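Novice: One structure coming up, written as structure tokens, with questions to follow.
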Amino acid sequence: MLNAHQQQILRLLIASQGMSRTLIAEQMKLSKAAITTQVKEMLNAGLLEESIPESNGQGRPSVLLKMRADSAYFLGASLLGERVVLVLIDMHGHTLAATEMALHLAPAQLVAAIAAAIPALIAQKSISLDQVIGLGVTLSGFIDEHQAVCVQSALLGWKNVPLAEMLKQQTGLDVSLENDAKALAVSEKMFGVAKKARNFTLISHGDGIGSAHFFQGQLHRGAHGGAGEIAHCTIEPGGRPCRCGKRGCLDTLASLTAIRESTRDKALESESIGELEALAVKGNSAAIAILHQAGHALGLSIANIIQMNDPELIVIAHQPDAFDGLLKTVVMQAIDSNVLPAMMGKTPIANIAINEQSWARAAASVAAYRFIIHLPD
Ligand SMILES: [Zn+2]
């Protein structure tokens with residue numbers, strides 16, 4: 001069991017690319033000797049490794065400490081697609097093994113299927129269950145503040161399903177649930193482009209639109225777990241009806257579902273965003289108008305987030321090939337033209353492509369985040 005200082009060392013290391021004992025001592029306001037003692041125990045326990053960076057010619061470089069990739073393993077299950085994707089990741093966030101299974105909507109059946117798939121999955125890498133720290137599950141819907149109960153999921157047709165406890169009973173693992181966009185934000189914070197950002201917002205752009213915020217290094221869940229439900233911000237008062245019962249929500253203008261609907265309404269020969277972009281390049285005015293409408297709505301929403309929260313970074317997570325052309329250009333223009341001139345261009349916008357496995361990896365990173373960031377102070 002790690003003591004409080006060792007837990008803090010882990011937190012610092014996960015947020016860095018490696019740190020020296022001296023820097024850790026400075027940040028924790030402890031003596032280097034005290035840090036050395038703590039680190040020695042962690043090295044002996046196989047949690048950390050040392051690496052010596054190449055000399056820059058200015059004296060001996062200090063030894064950097066890093067988390068060992070094989071110091072801990074996590075499992076993640078995504079319930080977002082037509083099939084469940086289950087992955088195994090290491091402490092560096094690398095996906096080591098993956099499997100898929102049918103998505104049972106009956107929770108008991110689903111739990112049994114996930115539990116049954118775990119032994120074969122981890123055996124692929126000769127890892128035993130006691131080396132696995134936890135299991136994360138991501139789904140579309142509301143999760144309670146303890147990350148244990150799926151309060152509501154329209155996609156799964158669930159209400160108040162205590163999925164974490166059910167999975168824990170079947171697997172013996174610590175289980176945490178997370179909403180899809182929040183899980184992806186956690187994944188980018190733990191292992192991706194937002195590793196060093198303490199304040200950032202992730203926007204997920206797919207069939208629906210999601211968002212999640214990190215403030216001061218912590219995921220912001222909101223008073224009722226509903227923080228980040230950007231999809232249902234009203235962008236066009238009195239606009240198209242939304243599945244939520246309101247009108248003119250961002251989802252009705254900018255989601256891939258909305259773009260597909262507009263494409264059908266205009267009878268365009270296009271099956272994907274890539275094809276719609278190709279039509280726009282050829283000068284098809286209907287295709288250009290659809291991409292403009294979607295890009296403007298998305299950019300406007302992001303500008304509002306920047307204006308309200310002033311984040312260090314915005315991460316846009318999109319489907320492969322869905323954010324390359326006119327859509328991206330219009331989004332960027334709409335951001336610039338809707339923030340105060342003094343804030344224009346000050347917020348870096350990163351974009352990452354995601355696929356089915358990204359969600360399962362995000363789920364696994366929720367388990368890793370719980371392990372590292374939610375360690376008791
Ligand atoms: Zn809505």
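FYI, it's all coordinate maths here, none of it is from the lab. Bear in mind that the values here come from a model prediction, so they are computed numbers and not experimental data. Here the Cβ positions follow ideal geometry from the backbone for every residue, glycine too, while neighbour counts run over all protein chains shown.
Novice: Got a sec? Charge dipole of the chain, +1 on Cβ for Lys and Arg, -1 for Asp and Glu; which of Tyr73, Val186, Ser16 is way out at the positive end?
Specialist: Ser16
Novice: A further question on this structure: So, with +1 on the Cβ of K and R and -1 on the Cβ of D and E, and no other charges, what is the size of the charge dipole of segment 4-67 about its Cα centre, to the nearest 20 debye?
Specialist: That gives segment 4-67 a dipole magnitude of about 180 debye.
Novice: A follow-up question, please. Dividing the Cα radius of gyration by the Kirkwood radius, what Rg/Rh value follows for segment 193-354?
Specialist: 0.97
Novice: While we're looking at this one, here's another question. Positive end of the dipole of segment 193-354, charges at C-beta (+1 Lys, Arg; -1 Asp, Glu), about the Cα centre: which of Ile302, His213, Ala289 has its Cα farthest in that direction?
Specialist: Selected residue: His213.
Novice: First measure r as the distance between the Cβ atoms of Glu261 and Glu236, then evaluate 1/(1 + (r/R0)^6) with R0 = 22 Å and state the FRET efficiency to the nearest 0.05.
Specialist: So, using R0 = 22 Å, E works out to roughly 0.90.
Novice: log10 I(q)/I(0), Debye, Cα-only segment 261-377, no solvent, q = 0.17, 0.19 Å⁻¹?
Specialist: Summing over Cα pairs of segment 261-377 leads to -0.94, -1.04.
Novice: As a test of the definition: which semi-axes, in Å, follow for segment 4-67 when you take the square root of five times each eigenvalue of its alpha carbon gyration tensor? Largest first, please.
Specialist: 19, 13, 11
Novice: Just the Kirkwood number for the chain, please: inverse of mean 1/r across all distinct Cα pairs, in Å, one decimal.
Specialist: The Cα-based Kirkwood calculation yields 22.2 Å.
Novice: Relative to the longest principal axis of the chain, what angle (0 to 90°, nearest 10) does the C-alpha long axis of helix 356-372 take?
Specialist: 40 degrees
Novice: What nm distance separates the two modelled labels at Arg11 and Ala116, each placed 7 Å from Cα along Cα→Cβ?
Specialist: Simple spin-label model gives 4.2 nm for this pair.
Novice: What list do you get for His296, His104 if you sort them by fewest beta carbons within 10 Å?
Specialist: His104, His296
Novice: Let me ask something else about it. How far apart, in nm, are two points set 7 Å out from the Cα along the Cα-to-Cβ line at Glu50 and at Asp324?
Specialist: Placing both labels 7 Å beyond Cα along the Cβ direction yields 4.7 nm.
Novice: For a paramagnetic label modelled at 7 Å from the Cα of Leu105 toward its Cβ, which residues of segment 112-154 fall within the zone defined by backbone nitrogen distances under 12 Å?
Specialist: 154
Novice: To continue, here is another question. Lysines near Lys40 by alpha-carbon distance under 17 Å, same-chain residues fewer than 8 away left out - which ones?
Specialist: Here the lysines satisfying the reach criterion relative to Lys40 are Lys32, Lys66.
Novice: Pick out, from Leu313, Ala280, Gln357, the residue whose Cα sits farthest towards the positive end of the charge dipole of segment 278-360, with +1 on the Cβ of Lys and Arg and -1 on the Cβ of Asp and Glu.
Specialist: Ala280
Novice: Taking the Cα centre of segment 295-363 as origin, sum charge times position over the Cβ atoms of Lys and Arg (+1) and Asp and Glu (-1), and report the length of that vector in debye to the nearest 20.
Specialist: About 60 debye.
Novice: Give me the distance in nm between label points sitting 7 Å out from Cα along the Cα-to-Cβ direction at Ala33 and Glu275, one decimal.
Specialist: 7.2 nm
Novice: Suppose R0 equals 51 Å; then what is the FRET efficiency for Glu41 and Gln333 from their Cβ-Cβ distance, rounded to the nearest 0.05?
Specialist: 0.40
Novice: Taking neighbour counts of Cβ atoms within 10 Å as a proxy for exposure, in what order, fewest first, do Leu184, Leu129 appear?
Specialist: Leu129, Leu184
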